[in-house]
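Q: Take this structure first; my questions come after.
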Amino acid sequence: MNTYAIITFHNTHFALKAKKYFEKYGLKSDTIPVPREFSSECGFCSKILWKDKNIAEEIMKKNKIIYESIYRWERDEKKEKKFNFV
């Protein structure tokens, strides 16, 4: 099981800005649609490893990236793999 931090933003601009600065500082992140568990609204969020949450917060603070919330998200990718049927 993997544990991630899901960082939500008020708008797409800050989600893309966060991605840019996470890459600049060498922090691995994915920009994904906000999971339904956290919001029914459309939009994007950043997904990082939970252990990197504090680093991400520092990067966002230093670069004036405004975020809405940070959620803990536990996922079991082995159980969630999708299969293609021919």
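The values are calculated or read from the model by the stated rules, or taken from the named source; none is laboratory data. These numbers were taken from a predicted model, which means no experiment stands behind them. Glycine gets a Cβ as well: all are built from the backbone with ideal geometry, and neighbour counts include every protein chain shown.
Q: Restricted to the range 11-27, and to residues that are assigned to a loop (DSSP other than H, G, I, E, B) and modelled with pLDDT of 95 or more, which residue is surrounded by the most Cβ atoms within 10 Å (Cβ to Cβ)?
A: That would be 27.
Q: Same structure, new question: Can you tell me how many residues within the range 28-38 are exposed (fewer than 11 other Cβ atoms within 10 Å of the Cβ) and outside any loop (DSSP other than H, G, I, E, B)?
A: 1
Q: Collect the residues in the range 39-79 that are surrounded by 16 or more Cβ atoms within 10 Å (Cβ to Cβ), in contact with a helix residue (DSSP H, G or I) (Cβ under 8 Å, 6 or more places away or on another chain) and in a loop (DSSP other than H, G, I, E, B), keeping them in residue-number order.
A: Scanning the range 39-79 gives 65, 67.
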